[in-house]
Amino acid sequence: MRVELLGTAAAEGWPGLFCDCGVCTYARVHKGKDVRTRSSLLIDRRLKIDFPPDTFYHTIAHNIELRTLQALLFTHAHEDHFCPAELQYSGVHFVSKLLEHPLPIYGPPEVIETLCPMQQKSALPLELHTLCAWKTETIAGYEVTPIVAHHDPTITCFNYVLRDMQGTTLLYASDTGWYDEETWNFLLNFKLDAVIVECTKGPLEGDYGGHMSISDVVKMKQWLLENEVIHLETPIVATHFSHNGGFTHEQLEAALGKAHIVAAYDGYVLNVGP
């Protein structure tokens, strides 16, 4: 399983669009790994998770051909993960020829309910599927199991356990917060080969509980180890960082590295399994 992290920022990007804090100023000058676009993930060039406002840039920067995607999977309906207006450009007035087959799109109810009228009005070549928590579906050749995140109580927010045909299993936990007991208990059913988890708050503690801090990510790793869901060599990768944490990429690397956790950056590639 080849996993490409196309973007690794929280909602406002990094540097923040209207921010002049120290780390944003540093990022504008030094660029490199300190410039982050909105979060998205690509698995084996077949399955894309989330469609943020920076998707056009991602296709150029990482040489991605969206026409060859086998499926698109959404975590939740927040704008930095779900930019539905961009999907209109799959329609007849914006392409030289329509997709040979409709693009299967999967996600929680709010995502699909938003896309349905768009598809019907513009006859977009999209095939829409609503996912249910805990129920495994086969998507683009992967077994995909939605699990419930602790992120925004007003909408359905999913994280995903994904297993390929070789049995390689990945947890993608973007916009999660600290799981409720039901989710922790459900994870006991899995042996994970890799974990990608948000670390939006960086070193900050408290405030909004729908996101994770460095200490939360370390505690999550420890819980997974103690319950034998992962082992000591299982790669743990942190993503979805906000500049409000006040750490540069180098500082994030140092802090997370103490717990043998990788601080991802835009374009980071994780190869998992055989």
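The values are calculated or read from the model by the stated rules, or taken from the named source; none is laboratory data. Note that the structure is a prediction, hence the values are computed from the model and not measured. Here Cβ is always computed from backbone atoms with ideal geometry, including for glycine, and neighbour counts include all displayed protein chains.
Strands (runs of 3 or more DSSP E) wholly in segment 99-181 with at least 3 residues that are buried (at least 19 other Cβ atoms within 10 Å of the Cβ) - which ones? Talk me through it step by step, then tell me what you get.
Working: elements: 103-107, 126-130, 137-139, 142-148, 158-163, 169-173.
Passing ranges, in order: 103-107, 142-148, 158-163, 169-173.
Filtering segment 53-112 to residues that are touching a residue at least 40 places away in the same chain (Cβ under 8 Å), small (G, A, S) and under 26 Å from T138 (Cβ atoms) leaves A71, A77, G107. Among the conditions (1) over 18 Å from the mean Cα position of the chain (by Cα); (2) assigned to a strand (DSSP E or B), the only one that L5 does not satisfy is (1).
Among residues of segment 209-248 being among the small types (G, A, S), touching a residue at least 60 places away in the same chain (Cβ under 8 Å) and surrounded by fewer than 20 Cβ atoms within 10 Å (Cβ to Cβ), the one that is farthest from D80 (Cα to Cα) is G246.
Tally up the residues in segment 141-168 that are closer than 22 Å to M212 by Cα and of a type in the set (S, T, N, Q), please. So the count comes out to 4. F186 passes every criterion in (1) farther than 21 Å from T8 by Cα; (2) in contact (Cβ under 8 Å) with a residue 40 or more places away in the chain; (3) exposed (fewer than 13 other Cβ atoms within 10 Å of the Cβ) apart from (3).
Figure legend. Inter-residue proximity from segment 1-28: first residues within 21 Å of R46 (Cβ to Cβ), second residues assigned to a helix (DSSP H, G or I), beta-carbon distance below 6 Å, spacing 6+ or different chains. Indicated pairs: L6/H58.
Every listed requirement among (1) touching a strand residue (DSSP E or B) at 6+ places or on another chain (Cβ under 7 Å); (2) over 15 Å from S39 (Cβ atoms) is met by L188 save one, (1). All of (1) under 20 Å from F158 (Cβ atoms); (2) at pLDDT below 95 hold for V197 with one exception: (2).
So that you can scan it fast, the table gives a plain yes or no per residue for (1) surrounded by fewer than 21 Cβ atoms within 10 Å (Cβ to Cβ); (2) more than 13 Å from the chain's Cα centre (by Cα); (3) within 27 Å of L124 (Cα to Cα); (4) modelled with pLDDT under 95:
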site: T25; (1), (2), (3), (4): yes, yes, no, no
site: H30; (1), (2), (3), (4): yes, yes, no, no
site: R46; (1), (2), (3), (4): yes, yes, yes, no
site: P53; (1), (2), (3), (4): yes, yes, yes, no
site: F56; (1), (2), (3), (4): yes, yes, yes, no
site: N63; (1), (2), (3), (4): yes, yes, yes, no
site: P84; (1), (2), (3), (4): yes, yes, yes, yes
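Scanning segment 80-134 for residues that are among the aliphatic types (A, V, I, L, M) and more than 17 Å from I49 (Cβ to Cβ) returns A85, V92, V95, L98, L99, M118, A123, L124.
Table: residues versus (1) farther than 16 Å from L41 by Cα; (2) out of contact with any Asp or Glu (no Cβ under 7 Å at 6 or more places or on another chain); (3) modelled with pLDDT of 95 or more.
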site: M118; (1), (2), (3): yes, yes, no
site: T138; (1), (2), (3): yes, yes, yes
site: V144; (1), (2), (3): no, no, yes
site: A149; (1), (2), (3): yes, no, yes
site: I155; (1), (2), (3): yes, no, yes
site: Y160; (1), (2), (3): no, yes, yes
site: Y172; (1), (2), (3): no, yes, yes
